[in-house]
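Asks: Sharing a structure below in structure tokens format, with a few things to ask.
Read-outs: derived from the displayed coordinates by stated rules, not from any lab. What you see is a predicted model, and the numbers here were worked out from it, not measured in a lab. Every residue, glycine as well, gets a Cβ built from its backbone with ideal geometry; the counts of neighbours run over all protein chains shown.
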Amino acid sequence: MARVGVFLLLISHLIIRVAFNLPSIVPDLIIFNAIAFLAALVAWRSPKLNDRLAKLAITFAILFWALGSTFSTWNSFYSFQISEHLIDATYISFYPLMLLGIIRALAVTKKISALEILDTAIIALGTSSVISSLLLRPAQMRFEGRSYEVFLSVLYPVGDLVLVATCLSLIILQHRSLRGLSFFLGISIFAITDLFFLLLSATSGYEFAALTDDGWLLGLALIANGLWLHGGETEIEDRRINTWATTFALIISSSILAYGALRANYFPTFVLALAFLTISLAFIRMALALRDAKIVSEDREHARTDELTGLPNRRRFIAELELLRRRTGTLLLLDLDGFKAVNDNYGHEVGDQLLKQITLRFNRVLPSDVLIARLGGDEFGVVVYGERNIGNDVALALRATCTYPFTLSVGDVKVGVSIGSVTTEGPTTTKEALLKRADTAMYEAKRNGTGYVQSQN
């Protein structure tokens, strides 16, 4: 009822405005501000939003604006005046609350990373600086008076532009949705109305209770209504748009600073400040992106590396087999003889010491282009590219490393190694078949005690 009521009341107010040109208390103090308060109620009662902070922020943003509008309208009709500082405080509160609410509401369906937050800020600030330079400068708005008045004259248009840019960037970076569309339309209408009011006020052309004032109410009604809509039906999977959008914002902001340096006092100071802040955030984003890229690279490396020995793990080895089966080379599977007895008699800590020493010996005799991996337990795999005799030489070198004892914390321990090999000569088999043949040869070497068996093609 409240959702429908806010739009019906807005239409009624527009009709009254058209029918009666002169300002009066009922339509301009009571009905006008009642619509704003009703929009706050609509936001508060929204059931679709799971993020309570977003709902509270948007509700109180609209509520503070409604209070500011009520106080300001009161001063237009009554001699008892409410402090202008109080009115300004309520209007100013609208911007940070609405900004927080929009960011949370449009991102409620997914967790936002630090890079995505920076992307949003960069695009929002970059877009704000562009719009400010294109619209506010031609409008020739002059900010005269006390420092406080100049601050407010700058704050409102910048606040409007930041809201529009933030909403647009979140829609681009997060997802397109009915909620995002309603937010963007509402914020845009609100900002256009605000900028039009500021332009008329700067030129002394604004008249109290103008028909265009209802643009504020329409914008707030659309924002409040957006909280009732779904927010994540069609998320964007291609994240490359982030990079393009942030790069564009960086280029435009750099251009504004460069042009401002060539033509002093052409742009208002706050436009240059927005451009400078955009560039600063872009450098921070670049540093975070490099850090994240390093972390991702390390994570991928860890996912393919055995934690104990530092050798490639089974996943990395299986990926290499896909290359081996297409080329000429040799697959070796190694299984330690006597390792289980060491584990059973001395414990896993000693067993780990043994595995590390075996790894060191294996690495010392292997050429740099040979891949050796720990496949699990006391089993290793080796991929050797080249003719059969190269693989045979590598197998014999590996066996030789286990011909003398290993010195561990419990004393000298002797273990052997059984090796099975299979040679490939082009894409004539699958990696599963290669593993099976090499495994069969390895167990044959273990059973017959020869220590090394080559599978016959």
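Asks: On full extension of the chain, what length is gained from F283 through K356, given 0.36 nm per residue of separation minus the C-alpha to C-alpha distance?
Replies: 21.9 nm
Asks: Distance between Cα centroids, region 317-338 to region 1-25: provide it in whole Å.
Replies: Here the answer is 80 Å between Cα centres.
Asks: Sort S93, S253, S201 so that the residue with the fewest other Cβ atoms within 10 Å of its own Cβ comes first and the one with the most comes last.
Replies: S201, S93, S253
Asks: Here's another thing I want to ask about it. So what are the ³J(HN,Hα) numbers for region 85-91, from phi and the Karplus equation (6.51, -1.76, 1.60; θ = phi - 60°), rounded to whole Hz, Gly and Pro as x?
Replies: 5, 5, 4, 4, 5, 5, 5
Asks: Using 0.36 nm per residue of separation minus the Cα-Cα distance, give me the extension gain between F208 and L8 in nm, one decimal.
Replies: 69.7 nm is the gain from fully extending F208 to L8.
Asks: Next question. Around Y452, which amide H atoms from residues at least 5 apart in sequence, or from another chain, sit under 5 Å from its own amide H, with H modelled in the peptide plane?
Replies: Result for Y452 returns I419.
Asks: Here's another thing I want to ask about it. Which ³J(HN,Hα) values in Hz, rounded to whole numbers, follow from the phi angles of region 206-218 under the Karplus curve 6.51 cos²θ - 1.76 cosθ + 1.60, where θ = phi - 60° and Gly and Pro get x?
Replies: Listing the rounded values in order: 7, 10, 4, 6, 6, 4, 5, 4, 5, x, 4, 5, 4 Hz.
Asks: Let me ask something additional. List the residues whose amide H sits under 5 Å from the amide H of Y266, counting only those 5 or more places along or on another chain, with H placed 1.01 Å from N in the peptide plane.
Replies: none
Asks: In terms of modelled amide H atoms, which long-range or inter-chain residues lie less than 5 Å from the amide H of T424?
Replies: G329, T330, L331
Asks: Moving on. How do I192, I256, I122 rank when sorted from fewest to most other Cβ atoms within 10 Å of their own Cβ?
Replies: Lowest to highest Cβ neighbour count: I192, I256, I122.
Asks: A follow-up question, please. Using the Karplus equation 6.51 cos²θ - 1.76 cosθ + 1.60 (θ = phi - 60°), what ³J(HN,Hα) coupling, rounded to whole Hz, does each residue of region 337-349 give in order, writing x for Gly and Pro?
Replies: Couplings: 9, x, 5, 4, 5, 5, 4, 5, 7, 10, x, 5, 4 Hz.
Asks: To continue, here is another question. On full extension of the chain, what length is gained from S83 through T269, given 0.36 nm per residue of separation minus the C-alpha to C-alpha distance?
Replies: Using 0.36 nm per residue and subtracting the Cα-Cα distance, I get 64.1 nm.
Asks: Here's another thing I want to ask about it. May I ask for the Rg/Rh ratio of region 1-62, computed from Cα atoms with Rh as the Kirkwood radius, given to two decimals?
Replies: 1.10
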